[in-house]
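One structure below.
The values are calculated or read from the model by the stated rules, or taken from the named source; none is laboratory data. Just so it is clear, the structure is predicted and the values come from calculations on it, not from any experiment. Note that we place each Cβ from the backbone using ideal geometry, even for glycine, and neighbour counts take in every protein chain shown. Heavy atoms of the whole protein, side chains included, go into the accessibility calculation; ligands, DNA and RNA do not. Shrake-Rupley method; radii C 1.70, N 1.55, O 1.52, S 1.80 Å.
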Amino acid sequence: MNLRYLAIPALLCANAFAQPVPRPEHPQPQFMRSEWQSLNGAWQFAFDDTDEGLGAGWHVAEAPFRRNIIVPFCFESRLSGIGDTSFHPVVWYRRQFEVPASWKGRRVLLHFGAVDYKATVWVNGQAAGEHEGGNTPFRFDITGLLRPGRNTVVVRAWDPPEDRAIPRGKQYWEPKSRGIFYTRTTGIWQSVWLEAAGESWLEFVRIAPRLDGTVTFHGRVARPQAGLTLHVTVKSGESVVAGGAGSLSDNKYVDAAAFVRNPRLWTLERPHLYDVIFELKKDGKTLDTVRSYFGFREVSIENGRFCLNHRPIYLKFLLDQGYWPESLLTPPSDEAIQYDIRMAKEMGFNGVRKHQKVEDPRFLYWADKTGFLVSGEMANAYLYDEQYVQRFLREWAEAVERDINHPSVVMWAPLNESWGVPDLRDPRQQAHLRSLYHLTKSLDPTRPVIDNEGWEHVETTDLYAVHDYAANHDALYSRWAKVEPRPGAALPPNGRPYAAPGHAYNGAPLYLSEFGGIAYIPPGASVPESAWGYAGVEKTPEDALRRLAGLYDAIAKLPFIGICYTQITDVEQEVNGLMTYDRKPKFDPKAIKALNDRLR
């Protein structure tokens with residue numbers, strides 16, 4: 001995204017079909033085709049509070065679309081040009097587009113980065129398809145629905161705000177934000193774009209690099225046909241360093257491999273990335289070309305430590321809700337993403353827990369580029385039933401596939417604090433929790449998996465994540481000083497038990513994945529009357545830093561392999577941030593870095 005977005009609301013007075021402000025960067029930088037066209041910008045828009053649109057044929061009508069909205073910002077956000085935070089469970093979008101003449105003979109793919117929660121899409125009045133899940137991308141091959149000249153795409157988004165069996169993360173099911181819950185996001189909230197592909201085309205390629213320089217590529221092909229081959233070219237900068245090719249292995253998968261001599265590893269200090277070009281060919285003719293990248297790096301747990309490329313590192317994470325005051329869950333610009341990462345690194349942190357959110361791919365791209373670690377997590381539901389299970393398993397699998405090739409993503413955490421499994425005395429809910437660990441491992445055996453972030457673990461977890469908002473040094477130290485990281489060891493009581501009913505500590509490394517929450521409101525900061533912090537609100541920055549230093553002093557003596565401080569910024573009424581909601585640092589970053597430098 002680009003800061004020029006901030007000028008886009010002026011388009012609201014323009015023709016809804018006007019060409020939007022162009023986006024210079026591809027929405028999915030790990031899977032790019034050179035022929036693409038952004039559909040971000042001004043769309044026609046309508047609320048459908050009585051849910052009459054389907055019966056009334058709004059997918060072919062013009063009259064209902066009396067508003068405009070700036071995509072990809074949700075209507076609840078200011079940058080959408082609407083800024084209405086009340087309940088509207090059904091919304092509609094409409095815009096026109098033209099396919100470039102140079103795409104003649106190509107398959108045209110319509111991409112959505114994310115639409116919350118269920119999207120139904122029509123092109124020129126004909127059904128293109130549906131997708132359920134508010135956090136993951138989807139695409140439709142719309143070639144057969146296109147006509148010469150101007151085409152029309154219509155989207156209906158359904159997102160019932162009070163359904164707590166939907167994976168919605170921190171989006172509140174009541175009209176106004178409160179406590180740890182924030183303003184909702186409805187409808188389109190990530191980019192929309194077109195791409196030109198071949199007669200057969202690549203849907204996805206799993207990239208699996210190893211430290212010895214071998215790298216394998218497992219591709220899934222749409223519209224497969226006999227005789228297809230996958231050719232890969234690996235580049236370091238402008239130099240070609242490896243290549244390989246493979247044939248269609250069954251009815252839709254194609255495999256290839258390459259070997260890079262003396263590979264440069266992806267590290268925090270030198271996050272080297274290799275570019276890769278995929279070419280899907282038949283009889284020497286290239287049908288589809290996709291550009292991607294990867295890093296040679298491995299994560300492991302060795303001798304009770306978290307290791308990157310077999311070297312122990314101390315995890316110094318920040319809790320990151322991924323909210324912005326002007327745009328909510330949608331990053332307002334590419335520069336805003338880079339700023340958050342840069343500030344976190346200046347404060348001495350080496351990663352973030354993307355809390356209750358499947359973050360925009362542009363964030364992961366910049367984490368990959370700059371050497372910044374990410375805990376890959378899912379937006380959770382709150383209630384358990386059979387429909388929730390089906391919804392969650394499907395969407396979590398899609399999220400893992402989307403992000404599996406990012407070197408910055410070093411662990412997976414599908415659930416947080418028993419959200420979605422509120423009663424783990426129930427054998428079904430325990431089975432679901434256990435199944436999420438095994439499902440994730442079946443999709444990706446290369447990363448550690450946390451079964452239940454924070455408490456009520458079963459036996460299947462690679463890191464024993466614990467949450468502790470002790471107010472000061474003495475409270476934190478006395479609670480954990482006598483704990484030994486061995487199977488069966490007793491863990492201190494702290495509200496909710498750290499082991500699920502019928503289970504005990506499995507001896508996995510202890511990871512303090514939430515702590516702190518020390519609130520401070522700088523003079524002149526704009527915050528709601530309901531502002532709060534986990535450990536109370538300090539009156540001066542000196543008092544807040546003094547308490548934070550005490551917690552760090554305790555942690556340095558305790559058996560944790562990493563930490564995650566709550567949190568990088570304030571969010572609406574929650575003022576635990578090291579920065580305000582509008583990204584102004586509350587403390588000298590060097591002072592925070594000095595605390596982090598103690599942890600090794």
Quick check: anything in segment 430-449 under 24 Å from ILE313 (Cα atoms) and of a type in the set (A, V, I, L, M, F, W, C)?
-> yes
For TYR5, the lone unmet condition from (1) at pLDDT below 95; (2) open to solvent by 50 Å² or more (accessible area, probe 1.4 Å) is (2)
Taking only pairs six or more apart or across chains, which ones have beta-carbon atoms under 6 Å, a first residue in segment 581-594 that is closer than 11 Å to ILE568 by Cα, and a second residue that is among the charged types (D, E, K, R)?
-> TYR581/ASP570
Has segment 63-81 got at least one residue that is open to solvent by 40 Å² or more (accessible area, probe 1.4 Å), among the polar types (S, T, N, Q) and within 21 Å of PRO175 (Cβ to Cβ)?
-> no
Could you look through segment 325-358, keep only residues that are polar (S, T, N, Q) and within 22 Å of PHE587 (Cα to Cα), and pick out the one that is surrounded by the fewest Cβ atoms within 10 Å (Cβ to Cβ)?
-> GLN338
Got a number for residues in segment 536-545 being assigned to a loop (DSSP other than H, G, I, E, B) and open to solvent by less than 20 Å² (accessible area, probe 1.4 Å)?
-> 0
Residues within segment 557-600 that are assigned to a strand (DSSP E or B) and aromatic (Phe, Trp, Tyr), tallied = 2
May I ask you to say which residue of HIS467, HIS503, HIS473 is farther than 27 Å from LEU308 by Cβ and in contact with a Gly (Cβ under 8 Å, 6 or more places away or on another chain)?
-> HIS473
Cβ-Cβ below 9 Å, separation at least six or inter-chain, first residue in segment 220-239 and over 16 Å from GLU279 (Cβ atoms) and free of Cβ contacts under 8 Å to residues at least 60 places away in the same chain, second open to solvent by 40 Å² or more (accessible area, probe 1.4 Å) and among the charged types (D, E, K, R): which pairs?
-> ALA226/LYS282; SER236/ARG264; SER236/ASP275; GLY237/ASP275
With respect to the numbered conditions (1) open to solvent by less than 20 Å² (accessible area, probe 1.4 Å); (2) in contact (Cβ under 8 Å) with a residue 12 or more places away in the chain; (3) under 25 Å from LYS369 (Cα atoms); (4) not basic (Lys, Arg), which one is the sole condition not fulfilled by CYS307?
-> (2)
Scanning segment 459-469 for residues that are over 22 Å from the mean Cα position of the chain (by Cα) and open to solvent by 10 Å² or more (accessible area, probe 1.4 Å), which turns out modelled with the highest pLDDT?
-> TYR469
Close pairs from segment 132-150: first in contact (Cβ under 8 Å) with a residue 24 or more places away in the chain and more than 14 Å from LEU194 (Cα to Cα), partner of a type in the set (Val, Ile, Thr) and open to solvent by less than 20 Å² (accessible area, probe 1.4 Å), Cβ under 6 Å, at least 6 apart = ASN135/VAL358
Unmet criterion (only one of (1) surrounded by 13 or more Cβ atoms within 10 Å (Cβ to Cβ); (2) farther than 23 Å from PHE181 by Cα) for GLY524 = (1)
Scanning segment 440-453 for residues that are without any contact (Cβ under 8 Å) to a residue 60 or more places away in the chain and open to solvent by 10 Å² or more (accessible area, probe 1.4 Å) gives LYS441, SER442, LEU443, PRO445
Taking GLY284 as the residue in question, decide whether it is free of Cβ contacts under 8 Å to residues at least 24 places away in the same chain and farther than 18 Å from PHE363 by Cα.
-> yes
On the given criteria, is TYR581 of a type outside the set (Val, Ile, Thr) and under 28 Å from the mean Cα position of the chain (by Cα)?
-> yes
From (1) surrounded by fewer than 18 Cβ atoms within 10 Å (Cβ to Cβ); (2) closer than 30 Å to ARG486 by Cα, pick out the condition that doesn't hold for LEU548.
-> (1)
TYR437 open to solvent by 10 Å² or more (accessible area, probe 1.4 Å) and among the hydroxyl-bearing types (Ser, Thr, Tyr) = yes
Mind checking which pairs have a first residue in segment 158-170 that is touching a residue at least 12 places away in the same chain (Cβ under 8 Å) and farther than 16 Å from VAL389 by Cβ and a second that is surrounded by 20 or more Cβ atoms within 10 Å (Cβ to Cβ) and acidic (Asp, Glu), Cβ under 8 Å, 6 or more apart or different chains?
-> ASP159/ASP116
Could you check GLU456 against (1) over 22 Å from the mean Cα position of the chain (by Cα); (2) charged (D, E, K, R); (3) open to solvent by less than 10 Å² (accessible area, probe 1.4 Å) and say which number it fails?
-> (3)
How many of the residues making up segment 393-430 are open to solvent by 10 Å² or more (accessible area, probe 1.4 Å), among the polar types (S, T, N, Q) and under 20 Å from the mean Cα position of the chain (by Cα)?
-> 1
Quick check: is even one residue across segment 178-198 aliphatic (A, V, I, L, M), closer than 30 Å to ARG311 by Cβ and touching a Pro at 6+ places or on another chain (Cβ under 9 Å)?
-> no
What number of residues within segment 482-520 are out of contact with any Asp or Glu (no Cβ under 8 Å at 6 or more places or on another chain), open to solvent by 20 Å² or more (accessible area, probe 1.4 Å) and under 30 Å from GLU574 (Cα atoms)?
-> 3
For segment 457-504, enumerate the residues that are of a type outside the set (A, V, I, L, M), more than 18 Å from PRO559 (Cα to Cα) and touching a Lys or Arg at 6+ places or on another chain (Cβ under 6 Å).
-> THR460, PRO501
Regarding SER442, is this residue in a strand (DSSP E or B), within 22 Å of SER300 (Cα to Cα) and of a type in the set (Gly, Ala, Ser)?
-> no
With ARG107, ARG95 as the choices, which residue is under 28 Å from GLU395 (Cα atoms), touching a residue at least 60 places away in the same chain (Cβ under 8 Å) and in contact with a Leu (Cβ under 8 Å, 6 or more places away or on another chain)?
-> ARG95
